[in-house]
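In what follows, a structure is listed as structure tokens, so that the remarks can point back to it.
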Amino acid sequence: MSVIQVQGLRSLKGEIKIQGSKNAVLPIMAAAVLHKGTTVIHNVPRIQDVFCMLGILERIGCIYSLDGQEEYIKSMRSSIILSGPLLGRLGDAVTSFPGGCSIGQRPIDLHLAAFRALGAVIEEKDEKLSASAKTLVGADIYFPFPSVGATENALMAAVYAKGITVIHGAAKEPEITSLCEFLNNMGAIIHGAGTSRLAVTGVTGLHDSEFIVAGDRIVAGTYLTAVMAAEGNVLLEGICPGHLTAALSLAERMGAELKLFKNQLEISMRGRPDCVDVVTEPYPGFPTDLQSQVMAVMASGSGWGRVEETIFEGRFGAANELKKLGADIVIEGKRAIVHGLYPLKGNCVTAPDLRGGAALVVAGLAGEGVTEISECHHIERGYENICRDLSSLGAAIRGKE
Ligand code: EPZ
């Protein structure tokens, strides 16, 4: 699918089951490399990033089966998240630099600092990055910023390190907690999940295990914004509302009515959402991965709001595309000033990145006429089938080659 077409101004109604979490399953798949045996992972989303990861795992010697997988594994993307488990298991990891992407530079200095703290030697040669260590020894690791990926890599590299590793200033995202639970379920010894201080006691081996991946809180948050933009009443199943507290309180400030259950979230929206001020922050603050989608809601809302992006320096890509739909947005550095106008006007736009693409779908739901979104491969990296999901709720949306 390369293009999505949305015929806007139809409200949404019904219920959908949310797919498994991309940002939980990718580090879990990487962590499975730590164990020379069988790991069974349930609720794996059928998304391009998972297929890419399977391709990389196969390349390094893993054998896998994925029920009903007939997808052809497309472009291989180097995944820095494998360097931690490879270093932990083999004492040696060579990966290519992840390089920048459309939302920012994506440096890995914190990952490398963690590996060095555990005793690894890092070398950069001809565009490759190698980390090696005869033995890894437990150490104190201090993160000046709670990097999600660096916390994950440090955890995985520390599992077999001799003695105790304490990660200070660790990220606290639910995906970190699920990685700690997954590793402990394999026989690792990690304490402090969900806090900024994680203690890992080195072990000498892990065992076969099974694990169920939680629902994707960012996909759920995306569909929350879709209901806010299109109006209506929708029940999202298979997620933990407690993983989205900041996003849910923002939605209520904007006028959404929410009902929270253990594994479900009901959203009702009547009338246009109020534009408000929002700042992205590390968890438990408002997630950067929902920033573009909320901007799309405000663009079709009422009043004025300010969106401040503090995590990624290049994450306003959707704003320029939203302006092609008639949105009134002014970018000032890390801040976007949004003046809500409703309805937006359907037009041809281009997905700038994964969540920016999803934001354009959300905006299309509030646009008069047809919005056509190209470069939709970005969206397929993280959403199993956004057209299937939203059309099951009554949206007039379809994908075409
Ligand atoms: C993870 O990326 C997620 N990706 C991102 O989701 C998410 O936006 C991000 O965490 C923040 O929550 C996956 O889990 C696969 P970071 P990650 O390291 O680990 C700087 C999506 O849409 N930094 O917490 O790369 C970095 O430049 C994706 O699903 C360093 O300076 O995020 C950025 O400004 C997008 N040095 C900030 O930290 C480092 O060594 C946050 O990065 C590492 C990061």
| request: Take the residues in the stretch 163-216 that are under 22 Å from the mean Cα position of the chain (by Cα) and either at pLDDT below 95 or among the acidic types (Asp, Glu) (or both), then tell me which one is nearest to ASN43 (Cα to Cα). | output: ASP216
| Does any residue in the stretch 139-153 that is outside the structural domain of VAL200 (by TED's automatic domain parsing) come within less than 6 Å, Cβ to Cβ, of a residue that is among the polar types (S, T, N, Q) and more than 7 Å from the ligand (Cβ to nearest atom) six or more places away or on a different chain, and which pairs are these? | none
| query | Considering only residues of the stretch 347-368 that are closer than 27 Å to LEU236 by Cα and in a loop (DSSP other than H, G, I, E, B), which is nearest to the ligand (Cβ to nearest atom)? | reply | ASP353
| Among the residues of the stretch 251-264, is there at least one that is surrounded by fewer than 18 Cβ atoms within 10 Å (Cβ to Cβ), within 29 Å of ILE212 (Cα to Cα), among the aromatic types (Phe, Trp, Tyr) and more than 16 Å from the ligand (Cβ to nearest atom)? | yes
| task | Just need a number here: residues in the stretch 276-297 that are surrounded by fewer than 24 Cβ atoms within 10 Å (Cβ to Cβ), of a type outside the set (D, E, K, R) and away from the ligand (no atom under 16 Å from the Cβ). | result | 1
| note | Per the list (1) closer than 27 Å to THR38 by Cβ; (2) touching a Phe, Trp or Tyr at 6+ places or on another chain (Cβ under 8 Å); (3) surrounded by fewer than 21 Cβ atoms within 10 Å (Cβ to Cβ), residue check on ALA131 breaks on (3)
| query | Within the stretch 189-211, can you find the residues that are touching a strand residue (DSSP E or B) at 6+ places or on another chain (Cβ under 8 Å), closer than 14 Å to LYS36 by Cα and small (Gly, Ala, Ser)? | reply | SER209
| Scan of the stretch 102-119 for residues that are closer than 13 Å to ALA131 by Cβ and more than 6 Å from the ligand (Cβ to nearest atom), ordered by number | LEU112, ALA113, ALA114, PHE115, ARG116, ALA117, LEU118, GLY119
| query | Taking the stretch 135-189 on its own, how many of its residues are closer than 30 Å to ILE239 by Cβ, crowded, with 24+ Cβ neighbours inside 10 Å and not hydrophobic (A, V, I, L, M, F, W, C)? | reply | 4
| said: Just checking: which of the strands (runs of 3 or more DSSP E) contained wholly in the stretch 130-219 hold 2 or more residues that are within 16 Å of the ligand (Cβ to nearest atom) and not hydroxyl-bearing (Ser, Thr, Tyr)? | reply: 164-168
| Selection within the stretch 49-84 - at positive phi and at pLDDT 90 or above | GLY61
| note | Taking the stretch 7-27 and the residues there that are touching a Ser or Thr at 6+ places or on another chain (Cβ under 7 Å) and crowded, with 21+ Cβ neighbours inside 10 Å, the one that is farthest from LEU360 (Cα to Cα) would be ALA24
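The values are calculated or read from the model by the stated rules, or taken from the named source; none is laboratory data. Owing to the predicted nature of the structure, the values given are computational and were not obtained by experimental measurement. Glycine also receives a Cβ, built like all others from the backbone with ideal geometry; neighbour counts cover every protein chain displayed.
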